[in-house]
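Engineer: One structure follows; several queries about it will come next.
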Amino acid sequence: MNNNLPDLARLIRYYILTSTTAAGSGHPTTSLSATDLMTSLLFGGHFRFDLDDPENPNNDRLIFSKGHASPLFYALYAAAGKITEEELMTLRKSGSRLEGHPTMLFPYTEVPTGSLGQGLGVGVGMAINSKFLDKTNYRTFVLLGDSETAEGSVWEAMQLAAYYKLDNLVAILDVNRLGQSRATMSGYDTAAYEAKARAFGWEASVIDGHNFGEIASAITYACADGTGKPTMIIAKTVKGKGVSFLEDKEGWHGKALKPEELEKALEEIGEVDKTVRGEISKPVTVQESRTKNQEPKGDHIQITKYEKPTATRRAYGNALANLAEAYPEIVVLDAETSNSTYSEVFRKACPDRFFEMFIAEQNMASAALGLARRGKIPFASTFAAFWTRACDQIRMSQYARSNIKFCGSHAGVSIGEDGSSQMALEDIAMFRSLLGSVVLYPSDAVSTEKLVAAAAAHQGNVYIRTTRKDTAILYGKDEEFIIGGSKTLKSSDKDQVTVVGAGITLHEALAAYEELKKENIYIRVIDLYSVKPLDIETLKKAAAETKAIITVEDHHLEGGLGEAVASALAMFNLKSLIFNLAVTKEPHSAKPDELLAFEEINKDAIIKKVKKLIY
């Protein structure tokens, strides 16, 4: 054991207390409970990390799932000599990289945390990457709080980690008994935590989280090779450890000490050696090269030949298989729906790069983030309705500067008889609301393959919405599709109204065009396959040249394609009126065509609206 550990822990406690008091806010007590655990992990010879090269692919990874313990997180790197005491005093202040919960501004942050229950799932993704993809020997350590084990996503991650035998994943559970407003469900019943961990297929040990000898032994055992199981270290700790008037006391969560309280606390901690510094072991070099940011590889990608109507969900699977060679960084995840999303096409082509996540969408989103942070391009798919279950994980990924491609199949009422629980009618709104996100909604198999390739080449989160039923082929294989573009499929100088659709409703718009043309009524039809970002110039041109724009979508009105168009054009002084046809009634089980008619988003509804506008 490193003889400096008690001195380092004392220094770290000093940093925690002084920085939170200077900030006037923060979470000192939950930081103090885990101080001895993290001091031993980082400076006891267990953790391998090159502080001068945070992106080294051989570095061990450390995730603070209990992100509110950020004062401890930053103090560790101050003790390692990478943050000055002066910078620590900027904690939580405007312009500081030391935010209230860890973010990517701080170079040693693996992922932003603070929305509890997500860190272990991210750790699963990183551990999968090390064991099965990069085949390096790095380990992933996740610090969990006992309160967050009430989140189901923690147990989703635990069962998947056991399924994949991730013996390179170590969870350290800080059992300090106290939550934010009261004691936790299990309190100090460490035996209950141990029984749960073992029941989920993990190795588990219970230790005194303030005994450096026990901590070292537990970490050493957890890092032993060949166990075939992930390990959870269940550490009984004291919230506020080191300060008597804070120790195991309710009412101190998220409260910084006042200056006079700080003075008293520092007296109890004792004399601090500010010159002591901790040393972190360097990683063993296994992988020299890093995964480079992807670049467009369109010239090397083949596309499937389509000769009959094909569902866009099937084309999604074909596209992934066709991209596999050009993009070795692509990995595919699915929530046990691969025979419906057709990601199974990729699984059959590249079984070593496909990972079954089972019906646990929250964990799938977190694992995808872990893989993305390690340089992979994860394509994660499920029924579009079920992505809403993972909204918080997806929300957090935007702050990780992530590069995840989400695919939602079986979108809208057009799925038919399965009924409302399976109909995604909110998904576009959810993904549109993310910072920097891209939302793509292809209408045929060719555009799907082209847009999946565009998604792979794009750096950032992308949502691809696919359709259940077969749809006609609209485009030739040489047609180009760019993010932020659109396709004007029908246009003339006689156009009176513009109809904008995507996915299933584009085909309804084209059918309406053919009917109206028989009556010498001409409409412009636009395939708005890129819902975000929009092709504003094409929309402006249509608004200037036709009397009205009608958007038609198999989605709720709120937050969907129609609102996107209306809000984008609202800033311009245009005379054209905008009307939205969308799902506005509670759907039910019926044939797809019956449901499109019921919601008034089919061919007949478009014709009726056009005639009402021109007569």
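The values are calculated or read from the model by the stated rules, or taken from the named source; none is laboratory data. None of the values given here were measured: they were computed from a predicted structure. Neighbour counts run over all protein chains shown; Cβ positions are idealised from the backbone, glycine included.
Engineer: Determine which member of the set Glu325, Glu344, Glu329 is at pLDDT 95 or above, charged (D, E, K, R) and within 18 Å of Ala372 (Cβ to Cβ).
Structural biologist: Glu329
Engineer: Take the residues of the range 454-475 that are hydroxyl-bearing (Ser, Thr, Tyr) and either over 26 Å from Tyr522 (Cα atoms) or buried (at least 24 other Cβ atoms within 10 Å of the Cβ) (or both): which is nearest to the chain's Cα centre (by Cα)?
Structural biologist: Per the stated criteria, the residue is Tyr463.
Engineer: Follow-up. Checking Gly251 against (1) of a type outside the set (Val, Ile, Thr); (2) without any contact (Cβ under 8 Å) to a residue 24 or more places away in the chain; (3) in a helix (DSSP H, G or I): exactly one of these is not met. Which one?
Structural biologist: All conditions pass for Gly251, except number (3).
Engineer: Within the range 476-516, work out how many residues are exposed (fewer than 14 other Cβ atoms within 10 Å of the Cβ) and more than 36 Å from the chain's Cα centre (by Cα).
Structural biologist: 4
Engineer: So the check is Cβ under 9 Å with 6+ separation or different chains; which pairs have a first residue in the range 194-220 that's on the phi > 0 side of the Ramachandran plot and a second one that's part of a helix (DSSP H, G or I)?
Structural biologist: Qualifying pairs under 9 Å: Gly201/Met158; Gly201/Gln159; Gly201/Ala161; Gly201/Ala162; Gly201/Tyr163.
Engineer: Now a separate question. Residue by residue through the range 345-354, note down the ones that are under 27 Å from Gln118 (Cα atoms) and either of a type in the set (A, V, I, L, M) or out of contact with any Phe, Trp or Tyr (no Cβ under 8 Å at 6 or more places or on another chain) (or both).
Structural biologist: Pro351
Engineer: So how many residues does the range 71-89 have that are assigned to a loop (DSSP other than H, G, I, E, B) and either on the phi > 0 side of the Ramachandran plot or in contact (Cβ under 8 Å) with a residue 60 or more places away in the chain (or both)?
Structural biologist: Here the count works out to 3.
Engineer: In addition: Can you spot a residue in the range 441-453 that is surrounded by fewer than 22 Cβ atoms within 10 Å (Cβ to Cβ), out of contact with any Gly (no Cβ under 9 Å at 6 or more places or on another chain) and not assigned by TED's automatic domain parsing to the domain that holds Leu528?
Structural biologist: no
Engineer: For the range 333-357: of the residues being among the β-branched types (Val, Ile, Thr) and touching a Gly at 6+ places or on another chain (Cβ under 9 Å), which is nearest to Gly408 (Cα to Cα)?
Structural biologist: Top of the filtered list is Thr341.
Engineer: Which of the helices (runs of 4 or more DSSP H) found entirely inside the range 318-420 contain at least 3 residues meeting this: farther than 18 Å from Val439 by Cβ, of a type outside the set (D, E, K, R) and over 10 Å from the mean Cα position of the chain (by Cα)?
Structural biologist: 338-341, 344-349
Engineer: Turning to a different aspect of this structure: Say whether the condition of being over 25 Å from the mean Cα position of the chain (by Cα), surrounded by fewer than 24 Cβ atoms within 10 Å (Cβ to Cβ) and at pLDDT 95 or above is met by at least one residue in the range 54-72.
Structural biologist: No, every residue in the range 54-72 fails to be over 25 Å from the mean Cα position of the chain (by Cα), surrounded by fewer than 24 Cβ atoms within 10 Å (Cβ to Cβ) and at pLDDT 95 or above.
Engineer: Now a separate question. When you scan the range 581-596, how many residues do you find that are more than 11 Å from Asp418 (Cα to Cα) and surrounded by fewer than 19 Cβ atoms within 10 Å (Cβ to Cβ)?
Structural biologist: Total satisfying the criteria: 5.
Engineer: Out of (1) part of a loop (DSSP other than H, G, I, E, B); (2) of a type outside the set (Phe, Trp, Tyr); (3) within 28 Å of Val154 (Cβ to Cβ), what's the single condition that is false for Ile233?
Structural biologist: Failing condition for Ile233: (1).
Engineer: I've got another one for you. Just a yes or no: is a residue in the range 428-435 farther than 27 Å from Leu596 by Cα and modelled with pLDDT of 95 or more?
Structural biologist: Within the range 428-435, one or more residues are farther than 27 Å from Leu596 by Cα and modelled with pLDDT of 95 or more.
Engineer: Still on this structure: Which is in contact with a strand residue (DSSP E or B) (Cβ under 8 Å, 6 or more places away or on another chain), farther than 15 Å from Ala69 by Cα, part of a helix (DSSP H, G or I) and among the polar types (S, T, N, Q), of Ser130, Ser153?
Structural biologist: Result of the check over Ser130, Ser153: Ser130.
Engineer: From the list Thr103, Thr90, pick out the single residue that is crowded, with 17+ Cβ neighbours inside 10 Å, closer than 26 Å to Ala127 by Cα, of a type in the set (Ser, Thr, Tyr) and at pLDDT 95 or above.
Structural biologist: Answer to the selection: Thr103.
Engineer: Assuming Asp470 fulfils every condition listed in (1) in contact (Cβ under 8 Å) with a residue 60 or more places away in the chain; (2) out of contact with any strand residue (DSSP E or B) (no Cβ under 7 Å at 6 or more places or on another chain); (3) among the acidic types (Asp, Glu) apart from one, which condition is it?
Structural biologist: The single condition Asp470 does not satisfy is (2).
Engineer: Name the single residue that is surrounded by the fewest Cβ atoms within 10 Å (Cβ to Cβ) among those in the range 330-360 being aromatic (Phe, Trp, Tyr) and on the phi > 0 side of the Ramachandran plot.
Structural biologist: Phe358
Engineer: While we're here: Answer with yes or no whether Lys135 is surrounded by fewer than 22 Cβ atoms within 10 Å (Cβ to Cβ), assigned to a loop (DSSP other than H, G, I, E, B), out of contact with any Pro (no Cβ under 9 Å at 6 or more places or on another chain) and not β-branched (Val, Ile, Thr).
Structural biologist: Spelling it out, Lys135 is indeed surrounded by fewer than 22 Cβ atoms within 10 Å (Cβ to Cβ), assigned to a loop (DSSP other than H, G, I, E, B), out of contact with any Pro (no Cβ under 9 Å at 6 or more places or on another chain) and not β-branched (Val, Ile, Thr).
Engineer: Which ones in the range 530-547 are among the hydroxyl-bearing types (Ser, Thr, Tyr) and within 34 Å of the chain's Cα centre (by Cα)?
Structural biologist: Ser530, Thr538 - these are the residues of the range 530-547 that are among the hydroxyl-bearing types (Ser, Thr, Tyr) and within 34 Å of the chain's Cα centre (by Cα).
Engineer: Further question: Scan the range 356-405 for residues that are farther than 22 Å from Gly419 by Cα, touching a residue at least 24 places away in the same chain (Cβ under 8 Å) and of a type in the set (Asp, Glu) and jot them down.
Structural biologist: Across the range 356-405, the qualifying residue is only Asp392.
Engineer: Same structure again: For the range 540-615, list the helices (runs of 4 or more DSSP H) that sit wholly inside it and hold at least 1 residues that are without any contact (Cβ under 8 Å) to a residue 12 or more places away in the chain, within 20 Å of Ala512 (Cα to Cα) and aliphatic (A, V, I, L, M); which are they?
Structural biologist: Once the helices (runs of 4 or more DSSP H) in the range 540-615 are filtered for at least 1 residues that are without any contact (Cβ under 8 Å) to a residue 12 or more places away in the chain, within 20 Å of Ala512 (Cα to Cα) and aliphatic (A, V, I, L, M), what remains is 592-598.
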